[in-house]
Amino acid sequence: ILSGCATDPQKKENETFADENKFSYTEKQDGTIRIDGYRGTKSNELVIPSAIGGKTVSEIGSMAFADAFGEDDATEKITIPATVTEIGDHAFLNNSGFKQIVFESGSRLERIGYSAFFGCSGITSIALPSNVKVIGSMAFADCSSLSGTFTLPTAMTDYGASAFVGCDNLTGFALAASNPHYTVLNGVLYDADNT
């Protein structure tokens, strides 16, 4: 997989580029991989790899896929591997073209960063893994095609301001199970003491 890799002198010192998969990435201090960008062919479905060069992909970095998939692009579905624990700030910013985000079974995702899916106006529904703890501010802002009731993860401890602002077709929220930090009454999300 790593044959033919080259280091871009304008990138961080240990960032490399996987020609075969068309992902630029950085090896983190813990030995796992952060995806930093994508320059590959746009087909109907993009499956983000769970490993590159034998090392686990644990993070999708800030701005990694920002503005990568417009309305005229072929990619409609993106699959995020179970190994990813964090989606960085602005990671999928302004991708109006794709309609579906799928998290692999057994997902370990815990954090969705600030404006991670801001402006992804084509997404019609999304099922978050139950162990997501943090949904950053404006994480799903202007995802205008989201509709119905949005089910929030059981493990959620931090819900950012305006996380769903501009999602005018959402009718309410639900919690996947009881949560010590939040509650839902008549589709409205409150903190645990209903204030």
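The values are calculated or read from the model by the stated rules, or taken from the named source; none is laboratory data. In this text, all values refer to a predicted model and were calculated from it rather than measured experimentally. In this analysis, Cβ positions are derived from the backbone assuming ideal geometry, glycine residues included, and neighbour counts consider all displayed protein chains. What goes into the accessible areas is simple: the full protein's heavy atoms, side chains included, and nothing from ligands, DNA or RNA. Shrake-Rupley method; radii C 1.70, N 1.55, O 1.52, S 1.80 Å.
Numbers below:
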| read-out | value |
| --- | --- |
| Where labels lie 7 Å past Cα in the beta-carbon direction, separation of Ser178 and Ala82 in nm | 2.8 |
| Accessible surface, per residue, of the stretch 85-137 when the full set of protein chains is kept, probe 1.4 Å, Å² | 37 |
| Phi to ³J(HN,Hα) by Karplus 6.51 cos²θ - 1.76 cosθ + 1.60 over the stretch 57-67, Hz, x for Gly, Pro | 7, 10, 8, 9, x, 4, 6, 4, 10, 4, 6 |
| Separation in nanometres of the label points that stand 7 Å from Cα toward Cβ, at Lys22 and Ser43 | 1.0 |
| Mean Cβ count within 10 Å, highest first, over the residues of peptides 96-109, 128-141 | 128-141, 96-109 |
| Highest average packing first - 81-89, 25-33, Cβ atoms within 10 Å | 81-89, 25-33 |
| Estimated D of the stretch 106-195 in µm² per second, where Rh is the Kirkwood radius over Cα pairs and Stokes-Einstein applies at 10 °C, 1.306 mPa s | 122 |
| Tally of Lys pairs whose C-alpha atoms are under 22 Å apart, taken over the chain, 8 or more apart or cross-chain | 15 |
| Amide H contacts under 5 Å for Thr151, placed H, 5+ residues apart | Ala174 |
